[in-house]
Every structure is written in structure tokens, then in C-alpha cells.
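Student: Questions regarding the structure given below will be posed in turn.
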Amino acid sequence: MPKPKPPPGSHPPAGPLTPPPPAERRRTGLVVALSVLGTLCLLLLAGVLTGIGGKADGPKDEESPPPGTPRASPDRSTAAREASHDAGPTGDAKITSCAVDPATRWPAAGLTVTNGGDRTTTYLVEVEFVGPDGVRLAEAAAVSSNLAPGRRAKVTATALAQASDTVVCKVTKVTRLPGS
């Protein structure tokens, strides 16, 4: 009597000389990997957007008086403040520190931004990092949003390019935008 033929799509029973049936391809690992990668991309994008707009809690104004309290005049005289304001926006930003992070090798410039005007202003400060040989290694920017007149904010501009141990930080451009 002849051997019965197995139904289509079924595999013959495994025997000593019969190879095991091919395993079904599962895509669970691929789906999980793509989901994790997508989540990381979204988190990175959110971090970049937060970095462009300033830190999540914003740049810190120096001690502000409580609402309704009359403002004390700033340390500088009105004439000096107006002279700084007349010097243009570049005079409103000063570099307070310049260093290369030893772990990431990214250069960073600490800045103090002073609103010498009479209106609330948002500042965009652009900085370049120059190597010992005078060649520009990287650029970065820092934002101080809605800085009140006469107030100062401390912000940091960090480049995302690696640099040597020694860099010189230079403010290249300061842009004033009306605050909200």
C-alpha cells in the first residue's frame, strides 16, 4: 500500500533523517527596536527644541522683587546704562567663562546678558570658539527670553563640536527681539 501524501502546508513528521520544519519569522524584535528608536528620536528632538528656546525653566534673572514692590535702581547709573544701550546689542552680552568640557570635549561660553534698554527684550547671543592657531572651531548660541529692563541673566552657549583644551570665546552677534 502506498504511503499517504501529507496535506498541503503541513510538514512530514520529524524523523532521524528529516530536518526540522523551518521556523516562522517573527518581527517582534524589529517592532520593539523601531519603537525604541522612534521614542529616542522624539526625546532628542524635544531636547534640541528646549535647548534652542533656553532651559526648560528659562534663564535665571537675578533676584527680582516681589510683584507690587517698587524697583530699586540698578547698580549702574542711568547714563552708564544708556551708554551701554547706545553701544548696540553687542555691549549687552559679556563672556564670563570659556572652557572645554573634559568629558564631551565641547566648548562652552558662560555669558551675562544685561538689558540696558527700557523694554522687556529677548536676546539671541551668538558665540564663536577659536583654537590656539586662530582657526574657528565651532559656533553656538544662547537665548535669554523676556529679560526685563535693567535685569541680568546668566546663560550658556555650548557648541556640539569637539575642540582642543584651549579655546578663545568671542561674541560675534547679539540680536534683540521684542519680548512678550
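Student: Taking Thr158 as the residue in question, decide whether it is buried (at least 17 other Cβ atoms within 10 Å of the Cβ), of a type in the set (Val, Ile, Thr) and either farther than 20 Å from Gly91 by Cβ or not assigned by TED's automatic domain parsing to the domain that holds Gly91 (or both).
Tutor: In short, yes.
Student: Considering only residues that are under 22 Å from Val135 (Cα atoms) and touching a Gly at 6+ places or on another chain (Cβ under 8 Å), which ones fall in region 149-167?
Tutor: Once the filter is applied, which keeps residues that are under 22 Å from Val135 (Cα atoms) and touching a Gly at 6+ places or on another chain (Cβ under 8 Å), region 149-167 yields Thr156, Ala163, Ser164, Thr166, Val167.
Student: Still on this structure: Name the residues in region 88-136 that are within 20 Å of the chain's Cα centre (by Cα), among the basic types (Lys, Arg) and part of a strand (DSSP E or B), would you?
Tutor: none
Student: Also, I was wondering about something else. Within the bounds of region 114-133, is there any residue that is exposed (fewer than 13 other Cβ atoms within 10 Å of the Cβ) and out of contact with any Pro (no Cβ under 8 Å at 6 or more places or on another chain)?
Tutor: Here is the first cut: in region 114-133, the ones exposed (fewer than 13 other Cβ atoms within 10 Å of the Cβ) are 118-119, 132-133.
In the following step, the residues that additionally are out of contact with any Pro (no Cβ under 8 Å at 6 or more places or on another chain) were identified as 132-133.
Yes, some residue in region 114-133 is exposed (fewer than 13 other Cβ atoms within 10 Å of the Cβ) and out of contact with any Pro (no Cβ under 8 Å at 6 or more places or on another chain).
Student: While we're here: Here's a check for you: in region 146-155, which residue that is part of a strand (DSSP E or B) and either more than 18 Å from the chain's Cα centre (by Cα) or modelled with pLDDT under 95 (or both) is farthest from Ala93 (Cα to Cα)?
Tutor: Taking region 146-155 first, the residues part of a strand (DSSP E or B) are 146-147, 152-155.
Right, trim to either more than 18 Å from the chain's Cα centre (by Cα) or modelled with pLDDT under 95 (or both) and you get 146-147, 152.
Values: Asn146: 15, Leu147: 12, Arg152: 10 Å.
The extreme case among them is Asn146.
Student: Taking the criterion of being over 22 Å from Gly179 (Cα atoms), in contact (Cβ under 8 Å) with a residue 24 or more places away in the chain and out of contact with any Gly (no Cβ under 9 Å at 6 or more places or on another chain), would at least one residue in region 118-129 satisfy it?
Tutor: yes
The values are calculated or read from the model by the stated rules, or taken from the named source; none is laboratory data. Everything numeric in this text was worked out from a predicted model, so none of it was measured. When we count neighbours, we look across all protein chains shown, and the Cβ atoms used for this are built from the backbone with ideal geometry, even at glycine.
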